Amino acid sequence: MSQYQLRVYTLRSPESLAAYENIWGKHIPGMAKHRITTHGIWTLPAAPTAPASEAPQLYALVSYRDADDMQERLEAYLSSPEFRADMEGFDITQIVDIAESVLRPTADSPLR
């Protein structure tokens, strides 16, 4: 069974969300080289009338091999040339928060 992680990135603005959405598309092959599989990427744009506390978000569902240490795999990717190339030109301060949740599939889950 795989280990699943939901990663939620909160961005500073709708423009930074659009830019980071493009970057995530670039992350997929590099992450795969480090045994991290991307299953989906979603955005939650801030509504035009939303309070400032409701910033735009990007959600990514990824998985790791059962025997892998998730933090070790992630750190290997984050220190890789692929990651540095993906992030080139993006102001990292546009990401105001990253939340990570480990998800455990139920017995009947199609993703196991």
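The values are calculated or read from the model by the stated rules, or taken from the named source; none is laboratory data. Small disclaimer: the values here were computed from a predicted structure and weren't measured. Note that we place each Cβ from the backbone using ideal geometry, even for glycine, and neighbour counts take in every protein chain shown.
Please verify whether residue 61 is at pLDDT 90 or above, crowded, with 18+ Cβ neighbours inside 10 Å and among the aliphatic types (A, V, I, L, M), treating the condition exactly as stated. In short, no. Name the single residue, out of those in the stretch 46-58 being at pLDDT below 95 and touching a strand residue (DSSP E or B) at 6+ places or on another chain (Cβ under 6 Å), that is nearest to residue 32 (Cα to Cα). The selected residue is 57. When the stretch 11-40 is filtered for residues that are in a strand (DSSP E or B) and surrounded by 17 or more Cβ atoms within 10 Å (Cβ to Cβ), the ones remaining, listed by number, are 11, 36, 38.
Looking at this structure, is residue 43 in contact with a helix residue (DSSP H, G or I) (Cβ under 9 Å, 6 or more places away or on another chain) and at pLDDT 95 or above?
Against the criterion (in contact with a helix residue (DSSP H, G or I) (Cβ under 9 Å, 6 or more places away or on another chain) and at pLDDT 95 or above), residue 43 does not qualify.
Checking each residue in the stretch 70-110 for being surrounded by 12 or more Cβ atoms within 10 Å (Cβ to Cβ) and assigned to a loop (DSSP other than H, G, I, E, B) picks out 80, 90, 105.
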